[in-house]
Amino acid sequence: MQTRIMMTLSAAVLAILGIAFTFLPDELAVYLGAEPGPLHVLLLQVLGALYAGFAMLNWMAKGSRIGGIYNRPICIANFAHFFIGAMAMLKFLFRYPEQPFVLWILCAVYAGLAAWFGLTLYRHPLPVTEEKVKA
């Protein structure tokens, strides 16, 4: 499994969201249909900080062995984030299907990363060779 690609892709997605929510909270609140009050702006900026921190974690861990017992906390945290996020977005989008197409794309990205981290969580990162099996 190519965990370097998975970690780089998830870091990029989270970094884009982190930068957007940190530096454009007013604009995103208006785009999402909310009145950007001071509390909304603060919460969106704190959410952006969370995304940026998670992006940095994934970027720094991209060269590490991930899967099975290796870096399990990082894999579980990413799986939980992307799975719960995808389920929440699906519930929201099925209830309010008239939302912007960008949210549908983001939901698909989240679902894909959740599946990828879920597979990685239960697979050993090293391929099993025939020599190891015979011994």
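Taking first residues from the range 98-118 that are over 19 Å from PHE79 (Cα atoms) and part of a helix (DSSP H, G or I) and partners that are among the polar types (S, T, N, Q) and open to solvent by 40 Å² or more (accessible area, probe 1.4 Å), no Cβ contact under 6 Å between residues at least 6 apart in sequence or on separate chains turns up. When the range 59-117 is filtered for residues that are under 17 Å from THR8 (Cβ atoms) and of a type in the set (Ser, Thr, Tyr), the ones remaining, listed by number, are SER64, TYR110.
Looking at LYS134, LYS91 in this structure, which one is more than 17 Å from the chain's Cα centre (by Cα), modelled with pLDDT under 95 and among the basic types (Lys, Arg)? Criteria check complete, one pass: LYS134. VAL41 fulfils the conditions (1) modelled with pLDDT of 95 or more; (2) open to solvent by less than 60 Å² (accessible area, probe 1.4 Å) except for a single criterion, (1). Return yes or no: is LYS62 buried (at least 16 other Cβ atoms within 10 Å of the Cβ) and among the basic types (Lys, Arg)? Yes: the conditions hold for LYS62. May I ask you to list the residues in the range 103-123 that are of a type outside the set (Gly, Ala, Ser) and open to solvent by 40 Å² or more (accessible area, probe 1.4 Å)? Scanning the range 103-123 gives TRP104, ILE105, LEU106, VAL109, TRP116, LEU119, TYR122, ARG123.
To keep it simple, each residue is scored yes or no on (1) in contact (Cβ under 8 Å) with a residue 60 or more places away in the chain; (2) open to solvent by 60 Å² or more (accessible area, probe 1.4 Å); (3) closer than 30 Å to LEU126 by Cα; (4) not in a helix (DSSP H, G or I).
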site: LEU17; (1), (2), (3), (4): no, no, no, no
site: GLU27; (1), (2), (3), (4): no, yes, no, no
site: GLY33; (1), (2), (3), (4): no, yes, no, yes
site: LEU57; (1), (2), (3), (4): no, yes, yes, no
site: PHE83; (1), (2), (3), (4): no, yes, yes, no
site: LEU90; (1), (2), (3), (4): no, no, no, no
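The values are calculated or read from the model by the stated rules, or taken from the named source; none is laboratory data. Since we're looking at a predicted model, the values are computed, not measured. Here Cβ is always computed from backbone atoms with ideal geometry, including for glycine, and neighbour counts include all displayed protein chains. With ligands, DNA and RNA removed, areas are computed over all heavy atoms of the protein, side chains included. Shrake-Rupley method; radii C 1.70, N 1.55, O 1.52, S 1.80 Å.
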